[in-house]
Amino acid sequence: MKLLILLFWALLIWASSHTPQAAGFIDAVRNGNLLRQNSEAGGENAVAVWSQAAAADKDGLLEAIREEAERTRIPAVNAKLDRVWKAIPGLNGREIDVEKSYRLASQFPSGTPVHYVYRELPPEVSLDNLGAQPIYRGNPGKRMISLMINVAWGDEYLVKMLQTLQEQNVHATFFFDGTWLSTHLETAQAIKAAGHELSNHAYSHKNMSTLSRGRAQQEISKTEQLLKQIGVENKLFAPPSGDFDQETVEIAHEMKLRTILWTIDTVDWKRPRPEDVLAKVSAKLEPGAMILMHPTISSMMALEGIIKESKKRGYALGTVSELISPERVPELETSLGK
């Protein structure tokens, strides 16, 4: 009898530990092997000992996950109006999903490293709450930038730019002038098929602030119709030459389009040296930047360098819609160990 009592105490200590032997003990009980081995020597008591130890261990696991969730929670950032940058998008917060992380961790033996499941926390104030406002940049807390390519003339440099984007696995946002788009629908469809975002750059490259309300509406709607012909559900509008007034923004807003400007202008239409374009962008590169370029020889030759420099600094590159969304960049956070 004394030998049996000692055996049970040994099992209690063994099952309560976080050693590989304890994991083997638990597996044996789950598989029924230990129960069969001890059926004549108090097997039911052995199972009770394991159950108590496992319950205590899981309670500790749940508490540890809760503590880690509290320690690592990142609060959401509200969208806001800035005196210089106008509408700045919000950014989701992030926290450990305690319930899902616990359920996942419970499936593994004691002592196994916990793989946390995360969820995003939306901000209380979004871009939609700010009304008709222009957007010049993404949230500065989001390590992403965007390439916005305005296309209003020519296509001799477009093929090479698309090739570079494909080789670098980057998707950009192309804002099409309607007059150009009307004669290049097949090219636009190919750009769409490559995974890029297609958007509205008005129809005939007029200064929007000088137009009547009716004419401004027509400039935007004609290009919207062309985009719909190739299956694009557009949400963005970039005014030609960056020229607009509040009425322009309100007209676009009424058509459920966000007015997009830029953070960094390559001024590539002046045909600067490619190395000067790269130097300018590199000097001003920051989280949330939207980089304006056109299909010119300057941007064509500088594009690869801009992308590589951005990646080197740890930025993800996404479309304008991806940049101004509140969603975080999980793959980037994982790679940076955040």
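The values are calculated or read from the model by the stated rules, or taken from the named source; none is laboratory data. If you're wondering where the values come from, they're calculated on a predicted model, not measured in any experiment. Note: ideal-geometry Cβ built from the backbone for every residue, glycine included; neighbour counts use all protein chains shown. Calculation scope for accessible area: heavy atoms of the full protein, side chains included, ligands and nucleic acids excluded. Shrake-Rupley method; radii C 1.70, N 1.55, O 1.52, S 1.80 Å.
Hey, among the residues in the stretch 152-170 that are farther than 25 Å from Ser241 by Cβ and within 23 Å of the chain's Cα centre (by Cα), which one's most open to solvent (accessible area, probe 1.4 Å)? Among those residues, the one meeting the criterion is Gln166.
I'd like to check something: does the stretch 292-313 contain any residue that is of a type in the set (A, V, I, L, M, F, W, C) and surrounded by fewer than 18 Cβ atoms within 10 Å (Cβ to Cβ)? Scanning the stretch 292-313, I find at least one residue that is of a type in the set (A, V, I, L, M, F, W, C) and surrounded by fewer than 18 Cβ atoms within 10 Å (Cβ to Cβ), so the answer is yes. The set of residues in the stretch 314-328 being open to solvent by 30 Å² or more (accessible area, probe 1.4 Å) and either closer than 15 Å to His196 by Cα or part of a helix (DSSP H, G or I) (or both) consists of Leu317, Ser321, Glu322. Among the residues in the stretch 132-151, are any without any contact (Cβ under 8 Å) to a residue 12 or more places away in the chain and either surrounded by fewer than 18 Cβ atoms within 10 Å (Cβ to Cβ) or under 19 Å from Asp265 (Cβ atoms) (or both)? No, the stretch 132-151 has no match at all.
Residues Gly214, Gly242: which one is out of contact with any helix residue (DSSP H, G or I) (no Cβ under 9 Å at 6 or more places or on another chain), surrounded by fewer than 18 Cβ atoms within 10 Å (Cβ to Cβ) and farther than 22 Å from Ser321 by Cβ? Outline the logic, then answer.
Numbers: Gly242 fails: farther than 22 Å from Ser321 by Cβ.
After ruling out the rest, the residue left standing is Gly214.
Could you say whether any residue in the stretch 264-285 is open to solvent by 10 Å² or more (accessible area, probe 1.4 Å), part of a loop (DSSP other than H, G, I, E, B) and touching a Pro at 6+ places or on another chain (Cβ under 9 Å)? Checked the stretch 264-285: no residue is open to solvent by 10 Å² or more (accessible area, probe 1.4 Å), part of a loop (DSSP other than H, G, I, E, B) and touching a Pro at 6+ places or on another chain (Cβ under 9 Å). Scanning the stretch 218-237 for residues that are open to solvent by 70 Å² or more (accessible area, probe 1.4 Å) and either of a type outside the set (D, E, K, R) or in a loop (DSSP other than H, G, I, E, B) (or both) gives Gln218, Gln225, Gln229, Glu233, Lys235.
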